[in-house]
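Every read-out reported here was derived from the displayed coordinates using simple, explicitly stated rules and does not represent laboratory data. These numbers were taken from a predicted model, which means no experiment stands behind them. Cβ atoms come from the backbone with ideal geometry, glycine included; neighbour counts cover every protein chain shown.
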Amino acid sequence: MNKTAIIIGGGVAGMETAIQLLRLGIEVYLIEKESRLGGHLNSWDHLFPNRRDSKEVSEYLQLGMNEGISLHLNAEIDTLWNDKKKFNIKLKDGTRLNSDALVIATGYEVFDARKKEEYGYGIYDNVITSVELEEFLRNNELKRLFEGKTSKRVGIIHCVGSRDEKVGNLYCSKLCCVTGVKQAIEIRERMPDIEVFCFYMDLRMFDRYFEEMYFEAQEKWGVQFIRGRLSEAAENQDHTLLIKLEDTLTGLPLKMNVGLLILLVGFVPSPETRRLASMLGLKEGDDRFLCPADEHTLTNSTKIPGVFLAGTVKGPEGIAGTITDARAAALQVAAYLTSRE
Amino acid sequence: MKIEGKQRIWMDYQKEIADDHFFYVRSCVRQNFFPGSEKTFLRILQSELQKDIYENPSHTTCSGIGYHADIVPFETSMTMVARQFALMTEAGYENFTTSCITSFGLYSEVLETWHHFPETEQKTRDFLYKATGRTFKKPSNVSHASDIIFKFRKKISEKGKYRLINRQTGQPLRVVEHIGCHYSKMFPSKGVGGAEYPYVLTGMIDEWGGEVIDYPERRHCCGFGFRQYFVQANRGFSISCSKKKFESMEPYKPDMILTNCPGCPMFLDRWQYAISEMEGKTYGDNGYGIPVLTYEELAGLVLGYDPWDLGLQVHQVPIEPLLEKIGIPYDPEMKFRNISGQDIGRPESPSFLKFYPEKV
Amino acid sequence: MNFRVLGMKSFGYTITKDRQIDFDQNDRKVTGYINAIESSIRLCIGCGSCTGTCSAGHFTDFNIRRVITLVQRGETDQLKKEIRKCMLCGKCQLVCPRGVNLRNLILTIHNILETYGI
């Protein structure tokens, strides 16, 4: 009897889990709600820490997607249930699927920056998110952001939607700091006459080569780091922004005018993740991301036999970490399916 | 500036404002600075809008000033607030409306405290009964008077004789709006539009034809604050707060400032005089300063009431340039005459801030 | 608008000076000179290791970390007065994790203030 697995989510985690399961001889169904695979990987231009083109990672994943994987795109899930023999899914278009194992890889969304009313996202003309900046970088349209602007200064704001009780997200999204440093360097590389300031509470340069990027940003590119969380932004008559914060290292309040504000938005669990979790009865943490069966030793399993987790459903993670996690998930799935025979 | 972004936020911060049958409590000190305002509010509600609005002359202060100046303990404040509610209940009313913004903040704070800590409500009932023999019901709606003018702004606009348009240029008047801190900074959900982009005064200006100015120090406090202000030597802090706002709004060339708190217009009006005396600097057109109005005064002007009936003659920053911009007629002869028509004399002329009439 | 130096009214209080750093108004000329000559100043992360070991900092209010941060903000009014408190012992440079050349930085500041007559 063929061992089958359904993977919900065709982003980095879903794709890599599918690729590995196929290699292990498992029959795989991959369900993705968008019209194409890749998830958030499609949003990034160059990846930290080595600044390589994200398309290379996309290509690697695409290469693994061969006909052995039964792919359902534009597929939204209507209902999902576990009858103890199989996992059953009915899609909104009526298609029915079932399998012996289920992998939840429905990922995350970025924080909606409009919730930070005092930053003026969606109100002031020159406030964008880090995700939107990647789009400009990808299309080589960075210069357009500064066309006709009176100010040659950019402010990058860390911790937008993370570490913030007011928006209900106490956790750290971990990867925004290095994204900010990367984008600061990218702007300085392409437009040397633009001054870049990063406004942070703490700098989380936790992974290999991250600290070296911070060093490079300061030494080579003259990016200025000011420790102070943005209190408020207001628009001037010429559409530049007046920002106010405390310069905590001098203990004085500070104000300055910038031409563009880039908000480093964090991760939030996707509504679909939470919906599926409640249909299955999976445990959410206080931060609303999903909980694995054990934080150290069973990081891809859940308390429901046959249901596995891969990728950012469990919390903020980068591309490299997600690929590794997906491979671990695939191994757990394969081991589970083998043990059932 | 994308107005849709603000509109989205305004949709999030809607609040219940009662329709009719109001129990009105006055401000302690507003009558001194803006003598016509409360009378105008009552006149608008009764004559123009045919609403039932009642006030009991034996109502007291809410003790907001004392509470915020650290003189009155919170338990006392709660009991005084309870007595106000008792008067409301005895008169058969459920909708409470306040003239002062600090009162509004205090009533909201007391009701929230009672909601989250019911034992404090019980204690307050005991205190009130022991002290006065009164009992009370909590109001079903607490609104500030500016909320009510906001709610009926369309009706006022329909009955209005004047629009907020500069008749010389044909352009809408540029209006700075300034809400009192106690209106929505403490409880954003209790203010129309929330704390970041409050809509209560913006809505009035939009409806009556003006253009709202969004300037960087829009959110900054005028500096009133109570505690430091009462000590003369500390007023430097207060005046500096207002000065920061004036410096920030100056490049936008506002025609007037609209406020909804008793303290804010007093400050924003008087400090322009004090700053001009201390530093020689004036804001606004040609040394005339930027006129500051309360929402009742503005509503009254829109409805065509006589400016001197509204009490505009006691404003430190002369109001006449604004009246001329809108095209509201006024009689300069009547400015310094009392009800009987007697001349009450002239105030001392400021050194730098220009004054009407220029010749004393 | 005319100013009268004499005869300004006093009301018993003065307008308080704004202590907020107005980044755009600050004259960053001196900052520019310092950065050009001793560019390792840019590496500072404000960790405070320097100040923690500073000999002068224990018995005066001299705070070398704060002085360097203020220089980068363009707040150089007090720089001449502050920098004279440093005795050039070099302990700060020994502990700096980023390799800021602190002794040279301090000598550079002295030279620039001297050269430009500040």
Efficiency by 1/(1 + (r/R0)^6): what FRET value for C:T14 and B:Q228, r their Cβ-Cβ distance, R0 = 22 Å, to the nearest 0.05?
0.95
Could you run the Karplus curve 6.51 cos²θ - 1.76 cosθ + 1.60 with θ = phi - 60° over segment A:319-334 and give me ³J(HN,Hα) per residue in whole Hz, x for Gly and Pro?
5, 4, x, 5, 5, 4, 4, 4, 5, 5, 4, 4, 4, 5, 4, 4
Counting partner chain Cβ atoms within 10 Å of every residue's Cβ in C:60-72, what's the average?
2
Given 37 °C and 0.692 mPa s, how large is the Stokes-Einstein diffusion coefficient of the protein assembly as shown in µm²/s, with Rh as the Kirkwood radius over Cα pairs?
105 µm²/s
Under a point spin-label approximation (7 Å from Cα along Cα-to-Cβ), what is the C:I118-B:Q31 distance to one decimal in nm?
6.0 nm
Return the long-range amide H neighbours of A:T129 (sequence gap of 5 or more, or a different chain), with a cut-off of under 5 Å between placed amide H atoms.
A:L263
Compute the semi-axes of the equivalent ellipsoid of segment C:29-115, taking the square root of 5 times each eigenvalue of the Cα gyration tensor, and list them largest first in whole Å.
18, 15, 12
Would you report the distance distribution of C-alpha pairs in segment B:19-145 as whole percents per 10 angstrom bin, up to the bin with the largest distance?
13, 45, 33, 9, 0
With +1 on the Cβ of every Lys and Arg and -1 on the Cβ of every Asp and Glu, the dipole magnitude of segment B:157-334 about its Cα centre, in debye rounded to the nearest 20, is 680 debye
Non-local residues with an amide H under 5 Å from the amide H of A:E109, with H modelled 1.01 Å from N and Pro and chain starts lacking one, are A:V268, A:S270
Can you work out the Karplus-derived ³J(HN,Hα) for every residue in segment B:42-54? Use 6.51 cos²θ - 1.76 cosθ + 1.60 with θ = phi - 60°, whole Hz, and x for glycine or proline.
5, 4, 4, 5, 7, 7, 7, 9, 6, 9, 8, 10, 10
Convert each backbone phi in segment A:198-203 into a coupling constant with the Karplus relation 6.51 cos²θ - 1.76 cosθ + 1.60 (shift: θ = phi - 60°), then list the ³J(HN,Hα) values in order as whole Hz, x for Gly and Pro.
10, 10, 10, 9, 9, 10
From the C-alpha gyration tensor of segment B:191-341, square roots of 5λ in Å
25, 20, 15
Of C:N104, C:T53, C:L79, which is farthest along the charge dipole of segment C:29-115 in the positive direction, counting Lys and Arg as +1 and Asp and Glu as -1 at C-beta?
C:T53
Expected output is a single nm value to one decimal: the length gained when fully extending between B:R346 and B:D52, i.e. 0.36 nm times separation in residues minus the C-alpha distance. What is it?
102.0 nm
Counting other Cβ atoms within 10 Å, keep those with at most 14, restrict to DSSP loop, and tell me which trypsin sites (Lys or Arg not before Pro) in segment B:182-258 are left.
B:R227
Mind checking which lysines have their C-alpha under 24 Å from A:K92, skipping anything on the same chain fewer than 8 residues away?
A:K33, A:K84
Averaged over the residues of A:234-240, the number of partner chain Cβ atoms within 10 Å of each residue's own Cβ comes to 4
Between segment B:322-342 and segment B:36-76, the Cα center-to-center distance that results, in Å
28 Å
Give me the distance between the Cα centres of segment A:207-269 and segment A:273-341, rounded to whole Å.
35 Å
Which residues qualify? For A:D164, with a placed amide H closer than 5 Å and at least 5 residues away or on another chain, they are A:N169, A:L170, A:Y171
For segment A:57-98, which GluC sites (Glu not before Pro) are both in a DSSP coil and crowded by at most 14 other Cβ atoms within 10 Å?
A:E67, A:E76
Have a look at chain B and give its Rg and Dmax from the Cα atoms, expressed in angstrom.
20.4, 63
Quick one: Cα centre-to-centre distance for segment A:61-131 and segment B:269-306, in angstrom?
57 Å
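Summing Lys, Arg as +1 and Asp, Glu as -1, what charge do residues with Cβ under 14 Å from the Cβ of C:T69 carry, C:T69 excluded?
Residues close to C:T69 contribute a combined charge of +3.
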Per-residue [θ]222 nm for the protein assembly as shown (sum of -39500 (n - 2.57) over DSSP H runs n ≥ 4, rounded to 500)
-10500 deg cm²/dmol
Where Lys and Arg each count +1 and Asp and Glu each count -1, what net charge lies around A:K85 among other residues with Cβ under 12 Å from its Cβ?
+1
Just how large is the dipole of segment B:261-302 about the Cα centre, in debye to the nearest 20, putting +1 at every Lys and Arg Cβ and -1 at every Asp and Glu Cβ?
80 debye
So if we plug the beta-carbon distance of B:K155 and C:L43 into 1/(1 + (r/R0)^6) with R0 = 56 Å, what FRET efficiency do we get, rounded to 0.05?
0.30
Is the shape of segment A:113-267 rounded, prolate or oblate, going by the alpha carbon gyration tensor and its root eigenvalues a ≥ b ≥ c, with a/c under 1.5 for rounded and a/b larger than b/c for prolate?
rounded
Give the Rg (one decimal place) followed by the Dmax (whole number) of chain A, computed from C-alpha coordinates and expressed in Å.
21.8, 71
Extension length gain for B:K2 and B:I71 (0.36 nm per residue less Cα distance), in nm, is 20.3 nm
Least to most buried among B:W10, B:W271, A:W81, A:W44, by other C-beta atoms within 10 Å and fewest first, runs A:W81, B:W10, A:W44, B:W271
